[in-house]
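A quick write-up on the structure given underneath.
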Ligand SMILES: Cc1cc2nc3c(=O)[nH]c(=O)nc-3n(C[C@H](O)[C@H](O)[C@H](O)COP(=O)(O)OP(=O)(O)OC[C@H]3O[C@@H](n4cnc5c(N)ncnc54)[C@H](O)[C@@H]3O)c2cc1C
C-alpha cells in the first residue's frame, strides 16, 4: 500500500512531475507489447520516472522499507508481459535515463544509461566505424536496458550473437537500494561469480540496471542481401546448415514459410511461384566487395545443391532494402491475417528446425488453426504465430492447447521455451517442464539472495 506520505517522499526524490498517479497515467503503464489482456488488476499504484542512479537508489530504499513492489520498465516493447505490474506498487520507468556516458574508442566500448534506444546506440557507434551488432526488430523503440534485462537477440545473432555477448559490466541498484557494480572493461575477468551474466536476462527480477558497459567491434565495410526461394522447408534448412558448415557464416539467415509469404504478398507486390514453400533472406558482410561476391557465389552454389528455384542477389542498396522489407513487414502482415494472433518464441537445436516446423504443422492440423512459422533459421529460433478469432466458440481453448503443445514439442526436440523474448508472465506455466524442480529451485534461491522480500517484478518467470 502506497500512502500519501510515501508518495510525498518519492516526489521529493524525483520531482512531482516524475511521480504520476492519475488514472490515465496508471492505465498507460499497465500493459506492454505482449498478448496479455488489459486488466484493471495490472495497474500500478504509482509511476516513478527517476533521472539518476542516486534517485533510483533512493526510490528503492523507500520501496524496500515499506514493502512496495517495483516493476522496472523500458519501452514496454516486451512480448512476455515483463513490464506489466502484477502486484500494483511502483512502475519504475527508466526512460529518462538516456545519457551516453562514454564512447571509449581505444577499448572499443560504450557506457550508457538504460533508457538509450537501441537504434540510437547503434547509430552513434556506426558514426565512429564501430558496430553494436544485436538488432532486435524492435530496435527503433526498445531500450538498451530492456535489451539487457531480456537478453534480446536479433537477426544478426547467427554470426554475432545476442546481447549478453556484448555486456561487459553493469551498475545495478538492488532491491534495498544498494548500488552494485559488476564486470568492467577488462576483456578477461575471472573474479568470483559472473554477476554480469546473471543480471543479463534476469527480466527485472533481481535488480534495476542503471548503467551498462558494452563491447563493440569494427563495423564491417560492405554488406549485401540475398533472397532464396525453395520448394520445401527441408531444402531451405539444409542450405543454411551446409552454408554454416562450409564456413560461409551469414550475418543473418531468416526463414519464412508459405503462409508468411502469402501474408506479405497481401501487403506488397510479390510474385511467388505457387510451388514455393519457403523463402530465406540472407545478409552477408565482408571487408571488401571481392569478399562479398565470393560469399554470394558460394551460397548460390550450395542453394542449387538443394533445388533452390530462385536466387536474387541485390544489385543496389534499394534492392537490398526491398528484400529486407519482406522480412521486416512479415510480423505485421501475419498479424493482419486474423483478428487475434498469438506470436510465440521458441528455440531449438539448429538441426531440428525442419522437424520442429513439421511438428507445428501437425499441431495446426490437429486443432484446425492457421499457424504461420518464421524465424531466425540460422540459429534455430522460431516464431510460430497462431492466427485465430477468439469470438468463435471453442477457438480460445484450441489456441491454448496448440500453444501448450508447441512448447512441449520444442522441449521434446531439445529446445527451449524462449530464444529471445524471455519467460515473463506468458511462459511461466511451462518453466518447470523446461528446467525441472531442481532448476526452478536454484533460480528461486538466487532470487531470494538478491530480493529476500520478493518485491522486484513479482509474478514473473515462475
Ligand atoms: C515488433 C516487435 C519486434 C520485436 N523483435 C524482437 C527481436 O527481434 N528480438 C528480441 O529479442 N526481442 C524482440 N522484441 C521484444 C522486445 O522488444 C525486447 O524484449 C526488448 O528487449 C524489450 O525492451 P524494452 O525497453 O521495451 O523493455 P520492456 O518491455 O519495458 O521490459 C522488458 C523487461 O525488462 C525489464 N527491464 C526493463 N528495463 C530494465 C532495467 N533498466 N533494469 C531492470 N529490468 C528492466 C522489465 O521489467 C521487463 O521484465 C520485439 C518486440 C516487438 C513489439
>> Cβ neighbours within 10 Å, averaged per peptide: list 183-195, 28-40 in order, most packed at the top.
In response: 28-40, 183-195
> Just for segment 52-153, what percent of DSSP beta bridges are antiparallel, to the closest 5?
Replying inline: 55
> How high is the relative contact order of segment 1-147, in percent, with contacts defined as C-alpha pairs under 8 Å that are six or more residues apart?
Replying inline: 21
>> Need one word for segment 222-331: rounded, prolate or oblate. Basis is the Cα gyration tensor (sqrt eigenvalues a ≥ b ≥ c); a/c below 1.5 gives rounded, then a/b vs b/c decides.
In response: oblate
> Is segment 95-156 best put as rounded, prolate or oblate by its Cα gyration tensor, with a ≥ b ≥ c the root eigenvalues, rounded for a/c under 1.5, and otherwise prolate when a/b is larger than b/c, oblate when not?
Replying inline: oblate
> Taking the Cα atoms only, what angle lies between the long axis of helix 431-450 and the longest principal axis of the chain, rounded to 10 degrees?
Replying inline: 30
> Based on the alpha-carbon gyration tensor of segment 133-208 and its eigenvalue square roots a ≥ b ≥ c, which shape applies: rounded if a/c is under 1.5, prolate if not and a/b is larger than b/c, or oblate?
Replying inline: oblate
> Among the DSSP beta bridges whose two residues both lie in the chain, what percent are antiparallel, rounded to the nearest 5?
Replying inline: 90
>> Along the Cα→Cβ direction, 7 angstrom out, place labels at residue 249 and residue 217. What is the inter-label distance in nm?
In response: 0.6
> Relative to the longest principal axis of the chain, what angle (0 to 90°, nearest 10) does the C-alpha long axis of helix 395-412 take?
Replying inline: 80
> Counting each DSSP H run of 4 or more residues in the chain as -39500 (n - 2.57), what helix-only mean residue ellipticity at 222 nm follows after dividing by all residues, to the nearest 500 deg cm²/dmol?
Replying inline: -10500 deg cm²/dmol
> Computed on alpha carbon atoms, what radius of gyration and Dmax characterise the chain, expressed in Å?
Replying inline: 22.7, 72
> For the chain, what relative contact order do you get, as a whole percent, if you take Cα pairs closer than 8 Å and at least 6 residues apart?
Replying inline: 15
>> I need to check one value: relative contact order of segment 207-346, counting alpha carbon pairs closer than 8 Å and at least 6 residues apart, in percent.
In response: 38
> On a 0 to 90 degree scale, rounded to 10, what angle separates helix 4-14 from the longest Cα axis of the chain?
Replying inline: 60
> So for segment 4-93: antiparallel DSSP bridges make up what percent, rounded to the nearest 5?
Replying inline: 20
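No value in this document is a laboratory result; all are computed from the given coordinates. A quick note: this is a predicted structure, and the numbers were derived from the prediction, not measured. Counting neighbours? That spans all protein chains shown, and the Cβs are built from the backbone with ideal geometry, glycine included.
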